[in-house]
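Each remark here refers to the structure printed beneath this line.
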Amino acid sequence: MKKCGNLKIDTENILPIIKQWLYSDKEIFLRELISNGCDAIHKCKVLKDHEKLSIENSSFRIDLTIDKEKKTLTFSDTGLGMSAEEIEKYIAQLAFSGAKEFLSKYKTEKEQDQIIGHFGLGFYSAYMVADKVSIDSLSYVPEAEPALWSCDGSSSYELEKGTRTSRGTAITLHISSEAEEFLEETRINTLLQKYCGFLPVPIYLNGKQINAKEPLWLKNSADCTDKEYIDFYHQLYPLEPDPIFWIHLNVDYPFNLKGILYFPKITGRFDWNQNTIKLFCNRVYVSDNCKDVLPDYLMILRGAIDSPDIPLNVSRSTLQVDRTVRQLSQHISKKVSDRLLSLYTTNRERFIQTWPDIEWIIKLGILQDDKWYERLKSLLIWQQTNKDWTTVEEYIERNRLSHENKIFYVSQEHSHSHILDLYQAKGMEVLYAPSPIDNHLMSFLESKLDKISFQRIDGALDETILDKTREHTLLDTEGRTEAAKIADFIRSKLQIEHLEVEAKSLVNDTVPALLVIDEHMRRMRETMALTKQSFNLPSKNTFVVNTNNKLVQKAYQLETKEPELAKELIHHIYELSLLSQKELAPEALSSFILRSNRVLEKMADFCP
Ligand SMILES: Nc1ncnc2c1ncn2[C@@H]1O[C@H](COP(=O)(O)OP(=O)(O)OP(=O)(O)O)[C@@H](O)[C@H]1O
C-alpha cells in the first residue's frame, strides 16, 4: 500500500528543543531580539523609499529597559510593528520568517543584504531566559489596532487588544529565576557592546545610547586616516599595542564582503588556535570563530569581517563550509599577500623592521599554501651574520663562485661562534635561521629549488674552512700521516662509542676543535623534539680537532710525560666544543665543572 503524508510537528516538544539545542549560548537571545528590531526598522526605511510611509529617520531607535522589581527586560523598537493577524502569522507560526515574505515584495539587491533574519526561529530564543514573553505591537498601517500577544512557553498563547499608541513593537521578557543575571545593567551593557556595537540603529539601555559609532569597515578606505584605523583597532582590542599595518577589504563580486584585517604586534608567545577576528553578518556580531573563512596561517591576524554571504547555520554561531567560504578564504589570502608584496617593493626598510611580526605568517603560508608560496617567494628574506638582509636567490648569485648552490646558516646568534670564526676568517656569508619553523622551511625550499642545499655551519666539514697548505701529509715509517696519528691519539683518549674522530688543518689556529653534526639527522631530531615524539634517533657526529691549534699539539706532546693530564685535556676540549654547540647534556655539566677545576689546578702547578 502506498501512502503520502505531511510530517507533523508536535508543538509541545519544539520549544524545549529550541531552548536546549538550537543556540550555543543563552546570551544569544539578545542578539536575536535586537536583530528583529533592526529588521523592523529597516523595513520601515524600505517602505519609506517606496513611498508607502512618511516618517522622520531620526525617530528610529531601539530601547532596552530593565525592571528589576517586575523582573522584566523589554525591547521596544520604532519599526513597522505587527497587527494581530501578523503576530499570528509570523510569531505563532514557527519557522516562518516575515523577512523572506517582505523581501519578495520589495526586492532589490541592496535591501536583501541588510535584512538579518531569515530562518523564522530567532524570536523563540527568548524562552532560553524567560518564563513568559509578551508582544505589544502597533502596525504602521493607518487605523491599525494595537495587539497584545503573550505566551508562557507552552504551545498555547493569548492574543488581545494591546495598549501601544505609537508605531512599533515592545517585547517583554519575564526573566526566569535561573537567568537573573540578565537583569543586571552591566551584563546587558557588555552584551550589547559585543553583539550590537555596530548596528545601524541607535540602541539605548535604560536611556543611555550604546552604539554611537559607524563601523570603520563601511567607510571608503581612501577616506580613512591612520588614526581612525588605529582607534578602531583599540575599540576592538582595548588592551593591545598598536597594530603594525592593516588591509581594508571591500568586495562586491562574486560575494559581498567588507572588513579590516590588522597585523598585530607580536608580544611573547602567540596562539595560532586563538580566534581573534570578529565575524559580523550585516553589522551584527556573529562569532569569533573565523576558522575556514581564513586559511590557518592567517589566524594570527586581528580585525573584523562583515559579510551577508557567509553561510551561517540557524543559530548563526557556526558556518557551513561551502564554495563561497573557500572563495572568501582565497580572496583574503590574495589580498594579504598583495599588501605584503607592496610593502616589500615600496618600502623594504619598513618591511625588514616589521619582519619579526610577519615572518611567521609568511613562512607558515609558504609551507601550507602553494599559491601563497608562488606569490611571496621573492620576499622571503634572511638576516646574515653581518646584519645585512638577503633572499636565497641573491645569496646564491653572490656566492656562485665560492660555494655554488650551498647556503650556510647558524641557528642562533650566540652559539657556534667558534665555528663562525672559521667561516668569517674566509669572508663567507652565513645566514641566521633562528625560528623553529626554519628547519621545515629549508627542507621545503630544497625540494622546490633545483639543487640548492642549506647547511648549518656545523652540518659538515666544508672544504672552504680547511687550510690545505698546512696539512700534515708526510708519511712516517709505518705509512701514517701526522694527522692520522693525532686522530688515533684523540680516539684512544676519548673512547666514545659511535663518535668519529678526525684531525684537520683548519683556517683559524685559535679553534681547538669542533663537532660536526650530520645535517639530515639533526633536522630530523629537532623536528621530532618539536612534535614531542620520543623516538631516540642515533646521532652521527664527528669530532674534528685542529692540527694547527696549540692546545691540541700540547696535549699530543704531553702523552709521553703526563698521559693522565693529556686525557683530561682532550676530554675537556671535546666537552668545550659540545658546550659551545649547545650539545652538552645537562647531566654532564657537573662532571665538566669538576674536570675544569682539576685541569686548572694542574695548570697552576706549572706556574712558579
Ligand atoms: N520586533 C519586531 N517587529 C516586527 N516584526 C517582528 C519583530 N520581531 C519579529 N517579527 C516578525 O516575526 C518574524 C519571525 O521572527 P524570528 O525572529 O522568529 O525569525 P526571523 O527574524 O525571521 O529569522 P531568524 O530565525 O533568522 O532570526 C520576523 O521575520 C518578523 O516578520
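The values are calculated or read from the model by the stated rules, or taken from the named source; none is laboratory data. What you see is a predicted model; the values in this text were computed from it and never measured. Here the Cβ positions follow ideal geometry from the backbone for every residue, glycine too, while neighbour counts run over all protein chains shown.
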Residue in the range 481-501 that is in contact (Cβ under 8 Å) with a residue 12 or more places away in the chain, at positive phi and over 39 Å from the mean Cα position of the chain (by Cα) present: yes
field: The listed residue being under 39 Å from the mean Cα position of the chain (by Cα), more than 8 Å from the ligand (Cβ to nearest atom) and at pLDDT 95 or above, out of Leu138, Leu73
entry: Leu73
- line: Per the filter on the range 408-437, residues among the β-branched types (Val, Ile, Thr) and under 30 Å from the mean Cα position of the chain (by Cα) are Val410, Ile437
field: Selection within the range 417-456 - farther than 22 Å from Trp355 by Cβ and not charged (D, E, K, R)
entry: Ser417, His418, Ile419, Leu422, Tyr423, Gln424, Ala425, Gly427, Met428, Ser447, Ser453, Gln455
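For every residue, the table says whether it meets (1) assigned to a loop (DSSP other than H, G, I, E, B); (2) in the same structural domain as Leu298 (by TED's automatic domain parsing).
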| site | (1), (2) |
| --- | --- |
| Leu199 | yes, no |
| Asp231 | no, yes |
| Pro241 | yes, yes |
| Ile260 | no, yes |
| Ile266 | yes, yes |
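Would you point out the residue of the range 141-177, among those that are at positive phi and within 15 Å of the ligand (Cβ to nearest atom), that is surrounded by the most Cβ atoms within 10 Å (Cβ to Cβ)?
First, the residues of the range 141-177 that are at positive phi: 143, 153, 168.
Restricting the remaining residues to those that are within 15 Å of the ligand (Cβ to nearest atom) gives 153, 168.
Values: Gly153: 17, Gly168: 26.
Looking at the filtered set, the residue picked out is Gly168.
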message: Being among the small types (Gly, Ala, Ser) and within 13 Å of Ile486 (Cβ to Cβ) is the requirement here; does Ala503 meet it?
response: yes
- prompt: Which one of the conditions (1) modelled with pLDDT of 90 or more; (2) within 28 Å of Lys265 (Cα to Cα) does Glu393 fail to meet, given that it meets all the rest?
  reply: (2)
message: Need the failing condition index for Lys582 against (1) in contact (Cβ under 8 Å) with a residue 60 or more places away in the chain; (2) surrounded by 12 or more Cβ atoms within 10 Å (Cβ to Cβ), just the number.
response: (2)
- prompt: Exactly one of (1) within 16 Å of the ligand (Cβ to nearest atom); (2) at pLDDT below 95 is unmet by Gln193. Its number?
  reply: (1)
- request: Within the range 464-495, track down each residue that is part of a loop (DSSP other than H, G, I, E, B) and at pLDDT 90 or above.
  value: Asp467, Gln495
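Return a yes/no flag: does the range 300-314 have any residue that is in a helix (DSSP H, G or I), buried (at least 18 other Cβ atoms within 10 Å of the Cβ) and modelled with pLDDT under 95.
Quick first cut of the range 300-314, residues in a helix (DSSP H, G or I) only: none.
No, the range 300-314 contains no residue that is in a helix (DSSP H, G or I), buried (at least 18 other Cβ atoms within 10 Å of the Cβ) and modelled with pLDDT under 95.
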message: Just the residues that are in contact with a Phe, Trp or Tyr (Cβ under 9 Å, 6 or more places away or on another chain), part of a loop (DSSP other than H, G, I, E, B) and modelled with pLDDT of 90 or more, please, taken from the range 447-463.
response: Ile457, Gly459
task: Take Pro264 and decide whether it is under 20 Å from the mean Cα position of the chain (by Cα) and without any contact (Cβ under 8 Å) to a residue 60 or more places away in the chain.
output: no
- prompt: For Ser125, are the conditions met, namely being in contact (Cβ under 8 Å) with a residue 24 or more places away in the chain, within 23 Å of Met82 (Cα to Cα), in a helix (DSSP H, G or I) and within 13 Å of the ligand (Cβ to nearest atom)?
  reply: yes
- prompt: Are there any pairs, at least 6 apart or on different chains, whose C-beta atoms fall under 7 Å, with the first in the range 539-553 and more than 28 Å from Met521 (Cα to Cα) and the second of a type in the set (Lys, Arg), and if so, which?
  reply: Asn548/Arg470
Residue identified as hydrophobic (A, V, I, L, M, F, W, C), surrounded by 19 or more Cβ atoms within 10 Å (Cβ to Cβ) and in a helix (DSSP H, G or I) among Ile396, Ile362, Ile407: Ile362
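Are any of the residues in the range 35-58 in the same structural domain as Leu159 (by TED's automatic domain parsing), within 18 Å of Glu184 (Cα to Cα) and within 15 Å of the ligand (Cβ to nearest atom)?
no
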field: the range 445-468: number of residues that are free of Cβ contacts under 8 Å to residues at least 12 places away in the same chain and polar (S, T, N, Q)
entry: 1
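Tell me, which helices (runs of 4 or more DSSP H) lie completely within the range 502-608 with 1 or more residues that are under 24 Å from Gly459 (Cβ atoms)? Quick ask: steps written out before the conclusion?
Working: elements: 519-530, 550-561, 563-580, 589-606.
Where helices (runs of 4 or more DSSP H) fall fully within the range 502-608 and carry at least 1 residues being under 24 Å from Gly459 (Cβ atoms), they are 519-530, 550-561, 563-580.
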query: (1) surrounded by fewer than 21 Cβ atoms within 10 Å (Cβ to Cβ); (2) within 30 Å of Lys70 (Cβ to Cβ); (3) in contact with a Phe, Trp or Tyr (Cβ under 9 Å, 6 or more places away or on another chain): which one isn't true of Lys208, the others all being true?
result: (3)
